[in-house]
Amino acid sequence: MTTPLAETVSPLVDSPRAWLTVIATFFSSFVTLGIAYSFGAFFTSMAEEFGSTRSATAIIFAVTTFSFFWLSIVTGRAADRFGPRPVLLVGAASLFAGLMATSRVQSLGVGYVTYGAGVGLAAACGYIPMIATVGGWFREKRAAAVGLAVAGIGAGTMVTSPLSASLIDRYGWRDTYVILAVVGTAVLLLCTCLIDRPPGQTGPQPARFGAAIASPVFRRLHLSAFSSGLALFVPFVFVGQYAKERGVDSVAAAVLVGALGGASILARVGFGGLVRRLGSMPLYRLSFALLSVSFLLWLAAGNSYGMLLAFVVVLGVGYGGFVALSTIVIAERMGVVGLGSLLGLFYTAQGLGGLIGPPTAGWIIDRTDSYRVVILLCCALEALALALLTGLPSPEPDRP
């Protein structure tokens, strides 16, 4: 069946120039999501200064996650219309303003806006629109390129979380935000020099929201991602606190989130390389299976730091696989035309899950004084996400 939308094939596709886009996306993801996902290192310091509960403090991360994923609808569409470079410039300005303002807040409620909206918008500019751009620069090597590009999230988490904990011990949480603002913004400005529209896409790309909503494949993928998102972001906020409550020092506790990021790097690169041999959907399902199993390891960990490390490593592999493969799964089933709008809409599921999951987990922990119920719920939610992928309809044959 023919369609008025078609992928533009250019000699620049899969070329050395295309790999510069991968480098830019790697570092934009490294900075924006590395900072966002390092919030657990700041959790205790901010909660103590403002005298807030676990649930109230977790709202900062929840708002950030929600802003990141839901604003990606706008930033993904903006990248389709105006190109990725101006979008990334907005992200750099938002990161600087958000972190500098957060370093001066005198109440947790103001931090919801300065950090949640500022860092959330920066992440919305620095990840999904850039990944969509990478998808348009590659054809034969798309899986490997996307895998390497999204590995920036894992590398950023691996480095920024323990680094932030060390800086907080030395300078305090406020000055640490200032340091991250200056360094992170400088890196994003450098990335704008490397990123550009995919070849053949010289004008605005069409929005694909209607096609996505009408697709039963997309709707099932979206619901699965929502179920997973309710559980996925809970460890980013609470595994460090869990470890500290069992006598682990602050830097070693932050290393757990760093190890999660490190494990996700291997999955993002490794799963991308396995797509040609095993297929994207079987690997995508495997990612959700690993996410569900990982929470059983947390349940069994008790006071064992080694078991906690095993938990975050398995979780990181599952999470990395999800991130690396979701772009491939969407592109294979919906095409790369207007991919920014498609991915922006898809990741609203994770944003809503991230908004609800961590504060709800904090509320349960505050009232039960135990993590057990939360861990079991997270395991069940990831199992549900996997079940929703069973019997998934085949890709539409008339995708652009």
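Here are the numbers for the structure shown:
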| quantity | calculated |
| --- | --- |
| Exclusive hit being out of contact with any Cys (no Cβ under 9 Å at 6 or more places or on another chain), under 18 Å from Leu232 (Cα atoms) and either modelled with pLDDT under 85 or not β-branched (Val, Ile, Thr) (or both), set Ser45, Ser55 | Ser55 |
| Residue list for region 169-180, filter: touching a residue at least 12 places away in the same chain (Cβ under 8 Å), surrounded by fewer than 23 Cβ atoms within 10 Å (Cβ to Cβ) and assigned to a helix (DSSP H, G or I) | Asp169, Trp173, Arg174, Asp175, Val178, Ile179 |
| Residues being crowded, with 23+ Cβ neighbours inside 10 Å and either small (Gly, Ala, Ser) or under 13 Å from Val182 (Cα atoms) (or both) - total across region 79-105 | 7 |
| Region 245-288, residues that are outside any helix (DSSP H, G or I) and among the small types (Gly, Ala, Ser) | Gly247, Gly279 |
| Selection within region 292-347 - at pLDDT 90 or above, hydroxyl-bearing (Ser, Thr, Tyr) and either in contact with a helix residue (DSSP H, G or I) (Cβ under 8 Å, 6 or more places away or on another chain) or under 13 Å from Pro235 (Cα atoms) (or both) | Ser292, Ser294, Tyr305 |
| Test: residue in region 16-27 that is over 23 Å from the mean Cα position of the chain (by Cα), at pLDDT below 90 and at negative phi | yes |
| Residue count, region 290-317 (criterion: under 16 Å from the mean Cα position of the chain (by Cα) and touching a residue at least 60 places away in the same chain (Cβ under 8 Å)) | 4 |
| Any chance Arg104 is over 20 Å from Ser29 (Cβ atoms), at pLDDT 85 or above and either of a type in the set (Lys, Arg) or touching a Leu at 6+ places or on another chain (Cβ under 6 Å) (or both) | yes |
| Which listed residue is under 22 Å from Ile60 (Cβ atoms) and either among the basic types (Lys, Arg) or at pLDDT below 90 (or both), from Gly203, Gly240, Gly184 | Gly240 |
| Region 95-140 - residue that is of a type in the set (Ser, Thr, Tyr) and part of a helix (DSSP H, G or I) and, of those, farthest from Phe50 (Cα to Cα) | Thr133 |
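The values are calculated or read from the model by the stated rules, or taken from the named source; none is laboratory data. Not measured: the values here are computed from a predicted model. Because the Cβ atoms are built from the backbone with ideal geometry, glycine has one as well, and the counts that use them run over all protein chains shown.
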